[in-house]
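For reference, the structure discussed in these notes is given below.
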Amino acid sequence: MKRKGFTLVEIMIVVAIIALLAAIAIPNLLRARVSAQEAGAAAALHTLAAAQIQWRATNPTYASSLGALGSATPPYIDGTLATGTKQGYLYTLPNPGTNTFVACAVNQTANQAHSFYIDEAGVLCRSSAVSAACPAYSTGTCPSGWGELQ
């Protein structure tokens, strides 16, 4: 009597093919995820810069916190961004002044994605190192170790 089924060799070949496809696909998916998070962080900083400029048009200084931008009536930014964390990034407005502001987005996962910086001049900068800390204020130009994005 002849049995029907797969041999051990056939099953091992199928498992090897699946492992090979996974080894090719998984790194690409992880890279795509990091790229999407970085694009979201850059877009959020542009939103923060626009919100700060709108805030300054009706107030004597720039907003002192993300919460102030999010709790205004009507709000300048969405509630998620106003909490300071969104899509794996920590957003801050360190040391806002009367005529200057800085907004930073620092990745919360160590050694995974780049950090971003924008000021009142609207120049968006990206760190050359992953997970870099927010730099000191640098008017209209990118700080040392940061490159300008278009």
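The values are calculated or read from the model by the stated rules, or taken from the named source; none is laboratory data. If you're wondering where the values come from, they're calculated on a predicted model, not measured in any experiment. Because the Cβ atoms are built from the backbone with ideal geometry, glycine has one as well, and the counts that use them run over all protein chains shown.
Under 6 Å between Cβ atoms, at least 6 apart or on separate chains: pull out the pairs that start in the stretch 23-51 with a residue that is in contact (Cβ under 8 Å) with a residue 60 or more places away in the chain and aliphatic (A, V, I, L, M) and end on any residue that is surrounded by 11 or more Cβ atoms within 10 Å (Cβ to Cβ) and in a helix (DSSP H, G or I).
Cβ pairs passing all conditions: ALA44/LEU81.
Could you check, for the stretch 112-129, whether at least one of its residues is of a type in the set (A, V, I, L, M), part of a helix (DSSP H, G or I) and more than 23 Å from ARG33 (Cβ to Cβ)?
no
For residues that are assigned to a strand (DSSP E or B) and either of a type in the set (Val, Ile, Thr) or surrounded by 16 or more Cβ atoms within 10 Å (Cβ to Cβ) (or both), tally how many sit in the stretch 137-148.
Total satisfying the criteria: 1.
Restricting to the stretch 92-111, name every residue that is under 30 Å from LEU30 (Cα atoms) and outside any strand (DSSP E or B).
Within the stretch 92-111, LEU93, GLN108, THR109, ALA110, ASN111 meet the criteria.
For the stretch 123-136, indicate whether the set of residues that are farther than 17 Å from ALA51 by Cβ, surrounded by fewer than 16 Cβ atoms within 10 Å (Cβ to Cβ) and touching a residue at least 24 places away in the same chain (Cβ under 8 Å) is non-empty.
Yes, some residue in the stretch 123-136 is farther than 17 Å from ALA51 by Cβ, surrounded by fewer than 16 Cβ atoms within 10 Å (Cβ to Cβ) and touching a residue at least 24 places away in the same chain (Cβ under 8 Å).
Within the stretch 71-95, can you find the residues that are crowded, with 18+ Cβ neighbours inside 10 Å, more than 13 Å from ALA41 (Cβ to Cβ) and touching a residue at least 40 places away in the same chain (Cβ under 8 Å)?
Answer for the stretch 71-95, where residues must be crowded, with 18+ Cβ neighbours inside 10 Å, more than 13 Å from ALA41 (Cβ to Cβ) and touching a residue at least 40 places away in the same chain (Cβ under 8 Å): just LEU93.
In the set ALA113, ALA121, ALA42, ALA105, which member is within 16 Å of GLY147 (Cβ to Cβ), under 14 Å from the mean Cα position of the chain (by Cα) and modelled with pLDDT under 90?
Going through ALA113, ALA121, ALA42, ALA105 in turn, just one is within 16 Å of GLY147 (Cβ to Cβ), under 14 Å from the mean Cα position of the chain (by Cα) and modelled with pLDDT under 90: ALA113.
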